[in-house]
Every structure is written in C-alpha cells, then in structure tokens.
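Worksheet: the structure to be examined is printed underneath.
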Amino acid sequence: MDMLIYVVVGIAALAAIYFLFIRKPEQPKELPKPAAEEKLPAKRKDEPKLAEKPKAKAEPAAAPKPKSEQPAPPSEREPEPSPEEPPSVESGRASLTPRVNVQSLRKGLAKSRADEGFFGKLKALLTGRKEIDDDIAAEIEEVLLASDVGVATTESILARLKERLAKGDLSDSSKIWQALREEARRILDVDGKAGGFLLRGKPTVVLLVGVNGAGKTTTIGKLATKLSAEGHTCVLAAGDTFRAAAVQQLVVWGDRVGCEVVRGKDGGDPASVVFDSIKKASEQGADVVLADTAGRLHTKANLMTEMTKIAKTAGKALDGAPHEILLVVDATNGQNALAQAKEFRDALPLTGLVLTKLDGTAKGGVVLGISDTLGLPVRFIGLGERPDDLHEFSADAFVEALLGKEIEDKAA
Ligand SMILES: Nc1nc2c(ncn2[C@@H]2O[C@H](COP(=O)(O)OP(=O)(O)OP(=O)(O)O)[C@@H](O)[C@H]2O)c(=O)[nH]1
Ligand SMILES: [Mg+2]
C-alpha cells in the first residue's frame, strides 16, 4: 500500500515538474493583420480631421485612389522624386501633379497636336520648308488666328517674328519653331508666376468663378482630390445655391474625397454659405476652403454683383480671404470664352485662370490668347473628366507639350 502511495505521489510530482518547468506555455496565435486598405476608411471617419503633420489621408471606397496612399510592392512603386525637385508641398505651394509630365500633357492635347490642330497646322507649314520668305509670317498669322490665339496676341507675336525675320535671325524652320516656343513661353510666364497656388492662409480660401458649364464644380472636386491626397484638409462651400443639383454635385465629390461640404438652403444666400464654410474650416483647423459659385443667375449683372458680395463676405470671415479667385474657362468656347472672361475680370480681383476641356479642342492656342489678354497666370488646366485630369500649369511643360520637339526635328 505504502508503495502504491509513493508511486502516485512520485507521478504527481513529475507531472507538476513537467507542467511548471519543462512545458513551454502555448504561444498566442498571431492574429491575421487587418487588410489596411479595407479597414482604414471606416476607422478614420472618427479620427480628428486634421493630423498634426500633413499626411496622406485614406479615402472612402468609392473615391478614386491617389497612388501615393497605399504602399505598393517595391517593383510597383513610383520612382522617388529626385533631390533636385522636392515636392512643392514642402514650400507651401499646392503642387497637384508631378511637376513636369510632358507626355501626359501631350496625350491630353492630342487634338491640338493632330494634323488639323494648332500644332499640326504649323507643322504642315514648316515641314520641309527650305525657303524662309516673307510669306511665312502671313501663313503663321493665319494659323494663330484659326487656333484662337486672338487678334491682339497674334499681332504681338507676329511683330516680334517679323523683326527677327528682317534681321535674318530666323534662317530655317527649326529657328522659327524655336522662336514660336519662345513667344509662347514669354506670354504664358505672367510675372514669373507659376501654376498651382500658395497655401498662405489657414485656411486658404479659393473662390472659383465662371460661366455655367465651364467646369467649376468638377475642378473643385479634382482639386479636393489632389489636395487631400497630399495630406491637406479641405472644406467645400456649396456657394451655387441657385441650382439644387449643383449642391448635390458637390456633395457627391465631397463624399468621394472625404471632405466636409457646407451647404445652405436652396435659393439661400451664397455669401453666407461661404462665410459659414470659412468659419467652420477655421474652427476645424482645415487647410483649404474651395468655394463653388453659380454660373448663371437671372441676369449677368446679378451674377457679377453676387460674386462681388461673396468675395467681400469671405474677407469678413477671415482677413485676407479670398486668397485666390480663379476664373474657370471652358477652352472649347474659344473667342466667346474671352469675352466672358473679360466681364469677370472687370468685376472681380481675379488671381488666376483654370482652363478646362483642353482635351476637347484642337485650338490649344486659346490658352495664349486668354492669359495674354487678361494678364492672368494660368494656374491649372483640365484635360479630361477624371479626378487626376487636372494639371498644375507649367509654361515650359505646356509649351513643350503643345509645340515641342520630336516633330520639329523631322520638320527642320
Ligand atoms: N472633357 C472635359 N470635360 C470637363 C473638364 N472639366 C469639366 N468637364 C465637364 O464639363 C461639364 C460641366 O462641368 P461642371 O463642373 O458641372 O461645370 P460648372 O462650371 O460647375 O457648371 P454650372 O454649375 O452649371 O455653373 C461636366 O460634364 C464635366 O465633367 C475637362 O477638363 N475636360
Ligand atoms: Mg457647378
């Protein structure tokens, strides 16, 4: 019996030693990592809107995805920006696209590059031309006018070309191409101002104005998409209270991008919507207010009065606002667009231009005419309806895309 007790106690002691000292405690199973892409948007909704440092924000599922958001496998990653070209957000400028992307601009300007377009016509004129005689000036003039460069701007380009022709400076077609590009750059480089806009208020208030259908609301959606992808927070002001559908259109963009949309009553006072938006953005510490406006009221005079009132009221909500008043112009309207643009310029202290629908016109010369006549820098150009079809304007890149190379080499 004693023996049996010893055996039982012995076994129990061995078992205790085994469980206490020898057997390793079972490791907790590693939880599968949440698929960051799926979870983030839902979670981030409750997070404070403004991060301490600008950071790429997650987007709701329906939104078009900025490439920068999700880390891609190394092989798919975009090349790092070169050290000579730091992202211009650092300097406070709202750089919305890689600085120079001539190829994608050229794709968007395909109609102007085609045979029957601005570039194509110049190419037909200059290709294989051995004799540079006086006729060439008149032929170039014809192409410029047909491409919506406008009378005054065409005259100023021609005067300089003729001077150089007389001096014998432009002895072959390649030199003429060169001279045309120089002229285009001179015109587009308004006071040395670059495209995009500076974030110089907190919030920076940007008012978009223009006739109906010019692309104001779409441009706001595109701008909000890009600004958000770069880590800036935006508030959208639904200042087109004239049409209920306009507010709805902005709300759709706001939902896509994840930006708050401040709206008033249908038919309400748009100036007070803009005022409220600025106050809200200030309270939230948002970076940018993008204010939409109506393109059509009962009369033109009403529209201009309303725009002026909105701009003044913005200044009451925040000193220095609006920091930018961008005139949105539909490039396919050609010379009509110019006449409309002048009315806005006379009524408002415009700071820049957005030329939309350049993908839809063969007359890319309209950019030169409008910028020159109004004396305003082009800040952005629209080359399609998708969120990433808005390009920060660069005179060099644009001229290169519209009038540049490869074909010049063949033509020379
Ligand atoms: N192809 C092309 N279409 C564009 C571009 N920008 C805007 N659009 C289209 O132009 C149409 C009018 O754009 P909206 O943004 O509604 O114009 P809006 O100035 O807000 O017009 P109102 O609200 O009526 O004053 C829409 O169908 C847009 O998709 C562009 O750069 N290229
Ligand atoms: Mg609109």
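When 318, 198 are ordered from fewest to most other Cβ atoms inside 10 Å of their Cβ, what list results? Don't jump to the answer; show the numbers that get you there.
Values: 318 20, 198 15.
Ascending Cβ contact count within 10 Å gives the list 198, 318.
How would segment 130-172 be classified by its alpha-carbon gyration tensor: rounded, prolate or oblate, with rounded meaning a/c under 1.5 and the a/b versus b/c comparison settling the rest?
oblate
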Study note, to complete from the structure: Taking 0.36 nm per residue of separation between residue 160 and residue 336 and subtracting their Cα-Cα distance, the length gained on full extension comes to 60.7 nm
**Study point:** log₁₀ of I(q)/I(0) at q = 0.20 Å⁻¹ - segment 136-236, Debye sum with one point per alpha carbon
**Key:** -1.00
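Mind checking the full-extension length gain between residue 110 and residue 260? Use 0.36 nm per residue of separation minus the Cα-Cα distance, one decimal, nm. Can you show the working numbers first?
Numbers: separation 150, 0.36 × 150 = 54.00 nm, distance 3.59 nm.
50.4 nm is the gain from fully extending residue 110 to residue 260.
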Practice item. Using only the Cα atoms of segment 293-412, each taken as one equal point scatterer with no solvent, compute I(q) by the Debye sum, divide by I(0), and report log10 of the ratio at q = 0.19, 0.21 Å⁻¹. Key: -1.10, -1.25
Check your understanding: Remind me, relative contact order of segment 114-178 in percent, using alpha carbon pairs under 8 angstrom and six or more residues apart?
Key -> 36
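Give the relative contact order (percent, whole number) for segment 241-290; include only Cα pairs under 8 Å separated by 6+ residues.
Working: 31 pairs, mean separation 16.1, N = 50.
Across segment 241-290, relative contact order equals 32 percent.
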Exercise for review: Treating each Cα of segment 184-254 as an identical point scatterer and ignoring solvent, apply the Debye formula and state log10 I(q)/I(0) at q = 0.18, 0.27, 0.28 Å⁻¹.
Suggested key: -0.83, -1.30, -1.34
Exercise for review: Note down the relative contact order for segment 259-412 as a percent, whole number, built from C-alpha pairs under 8 angstrom at least six residues apart.
Suggested key: 15
**Study point:** ³J(HN,Hα), Karplus 6.51/-1.76/1.60, whole Hz, each residue of segment 341-348, x for Gly, Pro
**Key:** 4, 4, 4, 5, 5, 6, 8, 10
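For the cross-link pairs 226/342; 107/405; 130/167; 121/162, which exceed 26 Å when the distance is taken from alpha carbon to alpha carbon?
Numbers: 226/342 29 Å; 107/405 14 Å; 130/167 18 Å; 121/162 19 Å.
Cα-Cα > 26 Å for 226/342; rest within.
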Exercise for review: Name the residues whose placed amide hydrogens come within less than 5 Å of the amide hydrogen of residue 199, ignoring near sequence neighbours (fewer than 5 apart) on the same chain.
Suggested key: 93, 94
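What is the calculated FRET efficiency for residue 200 to residue 346, with r their C-beta to C-beta distance and R₀ = 30 Å, to the nearest 0.05? The partial results should precede the final answer.
Working: r = 25 Å, r/R0 = 0.85.
So, using R0 = 30 Å, E works out to roughly 0.75.
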Exercise for review: Using only Cα atoms, figure out Rg for segment 204-360 and give it as a multiple of 2.2 N^0.38 Å.
Suggested key: 0.95
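Each reported figure results from applying straightforward, stated rules to the coordinates on display, with no laboratory input. A quick note: this is a predicted structure, and the numbers were derived from the prediction, not measured. In this analysis, Cβ positions are derived from the backbone assuming ideal geometry, glycine residues included, and neighbour counts consider all displayed protein chains.
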